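Below: the structure, in structure tokens.
The values are calculated or read from the model by the stated rules, or taken from the named source; none is laboratory data. Only a predicted model underlies this, so the values are computations on that prediction, with no experimental measurement involved. Quick reminder, even Gly has a Cβ in these numbers, built from the backbone with ideal geometry, and neighbours come from all protein chains shown. For the accessible areas, the whole protein counts, side chains as well, though only heavy atoms, and no ligand, DNA or RNA atoms are used. Shrake-Rupley method; radii C 1.70, N 1.55, O 1.52, S 1.80 Å.
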Amino acid sequence: MRSVPTWADRACDKDKVEQCVWDLCFNPSGTQLIVAAGSRVIVYDTSDGSIVQPLKGHKDTVYCCAYAKDGKRFASGSGDKSVIIWTNKLEGILKYTHNDPLQCMSYNPVTHQLLSCAVSDFGLWSPEQKSVSKHKVNSKITACSWTNDGQYMALGLYNGLVSIRNKGGEEKVKIERSGANMSPVWSLSWNPSKDEPYDVLAVADWGQRLSFYQLSGKQIGKDRPLGYDPCSLSWWSQGEYVVLSGANKQCSLHTKEGVKLGVIGEQNSWVWACAVRSDGNYVAVGCQDGMIAYYQVIFSTVHGLYKDRYAYRDNMTDVIIQHLITEQKVRIKCRDLVKKIAIYKHRLAVQLPDRVVIYELYSDDSADMHYRVKEKINKKLECNLLVVCSQHIILCQEKRLQCLSFQGVKEKEWVMDSLIRYIKVIGGAPGREGLLVGLKNGQIMKVFTDNPFPIQLLKQQTSVRCLDLSASRNKLAVVDEHSTVLVYDLTTKELLFQEPNGNSVAWNSQYEDMLCYSGNGTLNIKASNFPVHQQKLQGFVVGFTGSKIFCLHVYAMSAVDVPQSAPMYQYLEKKHYTDAYKIACLGVTDGDWEVLAHEALEGGDFNIAKKSFIRIKDLKYLELIHNIEERKKRGENDSLVFLGDVYSYQGKFQEAAKLYKKANQEQRALNMYTDLRMFDLAKEFIGAGDPQDKKLLMTKQADWAKSSNEPKAAAEMYLSAGENKKAIEIIGDNGWTDMLIDVARRLNKADREALGRCAYHLARLGDYGSAAEVYSKMGDTKSLIEMRVEAQHWDDAFTLVEKHPEFKETVYVPYAQFLAENDQFEEAQQAFHKAGLQAEAVKVLEQLTHNAVVESRFDDAGYYFWKLSIQCLDIAQDEKDKKKEMLEKFHDYQKKAEMYYMYHTIHRHVVEPFTSVLPEGLLHISRYLVHCIGSDLTIPHGISKGATFYTLAKQSKNLGAYKLARHAYDKLQSLRIPPRFIEAVDLGSITIKAKPFQDEKDLLPLCYRCSTTNPLLNKKGAQCVNCLQPFVHSAVNYEVLPLVEFVIEDGITDEEAIHILDMSIGKPRNKDPTGNWSENKMANTQTLRLGDDLEQEDDDPFTSRLKIPDQEGEEAVFKPVLVTKKVLQSMSRSEVFILKWPKPLRYQFFKSLLVDVSITKCPSCNKMFHTGDFEQHYLQKGHCPFCRTKHED
């Protein structure tokens, strides 16, 4: 740092008597300086020190002045107790007074409110208010200052205290300082920087101390002793420095922590006032003897550079190390004036006023930026230049170089013949580094730290300004005092070339033959002996690595990226591909890499081309180079062909074709033009009379027409080339039906594949008639049927199947699937049946049944089980090997069908609130269902025992069958029933115990065979307890019908029996109630004979009672009524009901014992009904209640 006096003046009154300068301040723009001298306010022009105007208005000495931040007005305060407000046009506009002489004043930086301080009070004035608000204080105010935000003010008091108040004047903090009574505060000021984390107040007192405080009153750091009485304190414009002046007759510069950096100016008397200009490095001072001095402060650059690490001084006391590549920065706080900086590899040396500190990196990592102290040399060393090596520091003093160890011991000294102008470490082994030294007399020396003798590299006529050595140390670049750049070959000492207008020079550390130099705002890059490439650049070049140039401009070091395109193109012009590649590796654009790659490829340097294409990741050309290398390995060495391949890849097709022709490789040209769809050019290379090539070319032309969205032309070309199938595909894809029909009619019958594709596309396009015509031409009936099926033309398909029954499965299976998809499952099942796919037919029905049960459609489930049973009967009839299995399934499915059919009524009664079925019907249905369930553990899925017994209990209780109800309630207690029935069941179980333990006699069923009255529940099922004759129930409300089943004796077929019955004449009914039964009991057998003996002709087997007693502890065995041929002849046909089951089952015969009871039989499901019930249901539903068959009669 150094200061330059710009101008000076002495304040005198009219009698030429020197007037003391008590205060001064700048206007915000810095163009004017306001000086309080004597009883006048003097305004100076800062540019030349001329007086703009002296202002008169005070009658006594002016002690203070202050300028508002907005630049509109300033104020002055005097010993005459008055304050005058002046405009920036130097006109007085307002005057107000205090009770005592004014001491100091300050403008609020935000509200522009004026704080004026007298001996015993202070006042606050603003243009908006009419009066001045004043506040008393208990000590003389010596200094005042506002915070940056204008919220608080600090008052320095003569009693050594500092009072911090808000902008209303209320005291918030009082700073009590040690030794305050002996140390009046004489000056204070808040730091103007807005980057600080908190407000900082600097306080100077006449205890000769400088202190710093926070807004809260907490002290920052320790007191700094000054050694003199300070009179004025001012901050630098951005708060980075503090300026102090006082009784030592000096104005000095300090850091913001209070460390003294240097003297700005020395005077002959006390310096009472100092002020810093807000927009530049200028300081004004005012003295006791009236001297006013204006200084410019110049901060010199202190820095060091080694490769990509740059160290420089900041705020005079800090060192910042910047990594120029990664842009990382680290700050080292030295807390003292930094005089010199040197950096080398992992070492950093910093010279302070009384010592040299050597730092080292924590690690060897090239990106590490953490430094620690290695050594300290506690000596005051004087030098012009400082250099650091691995184990030494080098001090330069005019002609002398001294080498010191890190302990401060002088190891060597070199004395040169002339002044040393430039010194640089050029590397070497630790402890043996080499230094390049340039002298004023033109000598260039090399010095090694372990060698006491300097070595002269060369001597030139002019003085040295800058030096640099090339990477291989074979070439030396020098900038002399005439700004000429000279390059020497150190081996021959020969001057290689020289260039004008250079102020600094640097070799590229990664490429031997390239250097750059700067001068006149231009950067010059020179490679080998090629012309210089220039571009604009401000500053000094100090380093050159790869494509980065390190440039120092004013105080800032920056890394500038410079593409190495120009030197690369210079090498390419000379076809020096290897050198061009090395230059490109330093840093060029992708476009430059591409040019290099193509130039090398065309020049036949495939290795450089390959590396270049790898850089830009161009796989296409890498594949080409690989292909060429493989062909070379196979012995192919025709460079013309290789170059032709390169040209074809680059799009230079005509040049490629000429090269192929020149190399007698016309086929390559033909293939190239064909691939490019340049068929007209390709025809030039077709061999004469080669039809195969012509056909191939036409096919490729058609391929191209197809890919270029010209399908019609492509189809015609394919037809011309004989590629019928490809043509048909294009025509079909585009839906040209007429063209397809035309092609199909022209095709030979033998070309079945092409005809098949024609028919397929015609069918797909909906022209089924034309498709059928094509299939007929081919004679392909199966495909024709499949087409009809796919189009769902079922009538046409059925017509064809009638003529060709072998394709029955081809039609009926898809038809069944179609019906199933359209929810016509029953029809689908029949279609599967017709197709002979019995398993699929059964599977459909089983799935329908399962779905119906899951969805609680139990009547549908019963219907589907009935259908399944009939299906099983059909299978048993058709497939003899499955007869037994299918008959078992038939009986099982018949039983399940009837159970689901009955349970549907019970389920509806339980779930729905109302039912149309009478209580007697519900009782009979639930009782019959309980008989069917019996002790069978495998109850059909979905049927609830709980619901069945609940219905039985409820209806039997209502109808008076209390014994049955009690049994049902007992059963319900052991079952899991829905929660909503639990209360009703529990209540019913209790109330039923109050009822008689018997059933209503009218409800008990009568056996029509033996006239025995049966209980409502029979453990053996729905049969007579006496004769074991099974009851026959009406299939609506399940009342017992007056029917008795009989069997025909052996030797009579079912058809013969029907014939006999049809021909018989009914015998008059015998009034004898006992009837004409004939009984024979023998040991363990019982036989009933009807009309066997003449003497028993008049016996009627249906009217006689039959009691079957237990014999010898064995249970009675059911014996059906056996009817002979003679008895059949005597029976009336109207009394006999015949169930005609299909084969292999036999017919069932029943005789009605009550002719008056009308009974109806469904011929489809063979179920018996009371005629009234059946007709009512048929009228409601339109079909049989069980099998849903519609009867036309």
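Structure data summary
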| quantity | calculated |
| --- | --- |
| Selection from the range 533-553 of residues that are open to solvent by 40 Å² or more (accessible area, probe 1.4 Å) and over 16 Å from residue 325 (Cα atoms) | 533, 534, 535, 536, 538, 540, 553 |
| Leading residue by the ranking (modelled with the highest pLDDT) among those in the range 2-39 that are of a type in the set (A, V, I, L, M, F, W, C) and not in a strand (DSSP E or B) | 20 |
| The range 321-379 - residue that is in contact with a strand residue (DSSP E or B) (Cβ under 7 Å, 6 or more places away or on another chain) and in contact (Cβ under 8 Å) with a residue 60 or more places away in the chain and, of those, nearest to residue 395 (Cα to Cα) | 344 |
| Inter-residue pairs, beta-carbon under 6 Å, first basic (Lys, Arg) and in the range 203-230, second open to solvent by 40 Å² or more (accessible area, probe 1.4 Å), 6+ apart | 209/223 |
| Cross-chain or 6+ apart pairs with Cβ under 8 Å, the range 438-455 first and farther than 15 Å from residue 400 by Cα, then open to solvent by 50 Å² or more (accessible area, probe 1.4 Å) and not in a strand (DSSP E or B) | 442/461; 450/432 |
| Residue match in the range 1148-1160 (condition: without any contact (Cβ under 8 Å) to a residue 60 or more places away in the chain, open to solvent by 40 Å² or more (accessible area, probe 1.4 Å) and within 27 Å of residue 1028 (Cβ to Cβ)) | yes |
| Given (1) at pLDDT 90 or above; (2) within 30 Å of residue 27 (Cα to Cα); (3) of a type in the set (A, V, I, L, M, F, W, C); (4) touching a Gly at 6+ places or on another chain (Cβ under 9 Å), number of the condition residue 311 does not satisfy | (2) |
| Residues that are part of a loop (DSSP other than H, G, I, E, B) and open to solvent by less than 10 Å² (accessible area, probe 1.4 Å), drawn from the range 554-584 | 562, 564 |
| Filtered residue count, the range 79-89, keeping only those that are under 17 Å from residue 67 (Cα atoms) and open to solvent by 20 Å² or more (accessible area, probe 1.4 Å) | 3 |
| Residue in the range 985-1003 that is touching a Ser or Thr at 6+ places or on another chain (Cβ under 9 Å), open to solvent by 70 Å² or more (accessible area, probe 1.4 Å) and not acidic (Asp, Glu) present | yes |
| Pairs with Cβ under 6 Å, 6+ apart, first in the range 139-163 and at negative phi and assigned to a strand (DSSP E or B), second of a type in the set (Lys, Arg) and open to solvent by 10 Å² or more (accessible area, probe 1.4 Å) | 153/165; 163/174 |
| Residue check for residue 900: in contact (Cβ under 8 Å) with a residue 60 or more places away in the chain, buried (at least 23 other Cβ atoms within 10 Å of the Cβ), hydroxyl-bearing (Ser, Thr, Tyr) and under 29 Å from residue 1143 (Cβ atoms) | no |
| Residues (of a type in the set (A, V, I, L, M, F, W, C) and surrounded by fewer than 15 Cβ atoms within 10 Å (Cβ to Cβ)) located in the range 30-51 | 51 |
| Residue selected from the range 614-635 under the condition under 22 Å from residue 510 (Cα atoms) and assigned to a helix (DSSP H, G or I), by the criterion most open to solvent (accessible area, probe 1.4 Å) | 615 |
| Among the residues listed as 350, 373, the single one being in a strand (DSSP E or B), open to solvent by 60 Å² or more (accessible area, probe 1.4 Å) and within 28 Å of residue 256 (Cβ to Cβ) | 373 |
| Residues that are of a type in the set (Ser, Thr, Tyr), modelled with pLDDT under 95 and not in a loop (DSSP other than H, G, I, E, B), drawn from the range 98-135 | 133 |
| Sole exception among (1) charged (D, E, K, R); (2) surrounded by 21 or more Cβ atoms within 10 Å (Cβ to Cβ); (3) touching an Asp or Glu at 6+ places or on another chain (Cβ under 9 Å) for residue 23, by number | (3) |
| Residues (surrounded by 18 or more Cβ atoms within 10 Å (Cβ to Cβ) and among the hydrophobic types (A, V, I, L, M, F, W, C)) located in the range 192-222 | 200, 201, 202, 203, 204, 206, 210, 212 |
| Residue match in the range 533-546 (condition: touching a Pro at 6+ places or on another chain (Cβ under 8 Å) and in the same structural domain as residue 644 (by the TED database)) | no |
| Qualifying residue in the range 349-368 (condition: modelled with pLDDT under 90, of a type outside the set (Asp, Glu) and under 26 Å from residue 468 (Cα atoms)) | yes |
| Filter pass, residue 237 being touching a residue at least 24 places away in the same chain (Cβ under 8 Å), of a type in the set (S, T, N, Q) and more than 22 Å from residue 318 (Cβ to Cβ) | no |
| Unique residue being over 23 Å from residue 31 (Cβ atoms), buried (at least 17 other Cβ atoms within 10 Å of the Cβ) and over 60 Å from the mean Cα position of the chain (by Cα) when the list is 64, 104 | 104 |
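Condition check ((1) touching a helix residue (DSSP H, G or I) at 6+ places or on another chain (Cβ under 7 Å); (2) acidic (Asp, Glu)) across all residues:
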| position | (1), (2) |
| --- | --- |
| 889 | yes, no |
| 896 | yes, no |
| 900 | yes, no |
| 912 | no, yes |
| 944 | no, no |
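Residue by residue, here is whether (1) part of a helix (DSSP H, G or I); (2) modelled with pLDDT of 85 or more; (3) among the β-branched types (Val, Ile, Thr); (4) out of contact with any strand residue (DSSP E or B) (no Cβ under 7 Å at 6 or more places or on another chain) holds:
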site: 914; (1), (2), (3), (4): no, no, no, yes
site: 917; (1), (2), (3), (4): no, no, yes, yes
site: 920; (1), (2), (3), (4): yes, yes, no, yes
site: 937; (1), (2), (3), (4): no, no, no, yes
site: 943; (1), (2), (3), (4): no, yes, yes, yes
site: 949; (1), (2), (3), (4): yes, yes, no, yes
site: 953; (1), (2), (3), (4): yes, yes, no, yes
site: 956; (1), (2), (3), (4): yes, yes, no, yes
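Each row is one residue, and each column tells you yes or no for (1) open to solvent by 10 Å² or more (accessible area, probe 1.4 Å); (2) modelled with pLDDT of 95 or more; (3) in a loop (DSSP other than H, G, I, E, B).
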position: 232; (1), (2), (3): yes, yes, no
position: 237; (1), (2), (3): yes, no, yes
position: 257; (1), (2), (3): yes, no, yes
position: 262; (1), (2), (3): yes, no, no
position: 284; (1), (2), (3): no, yes, no
position: 293; (1), (2), (3): no, yes, no
position: 327; (1), (2), (3): yes, no, yes
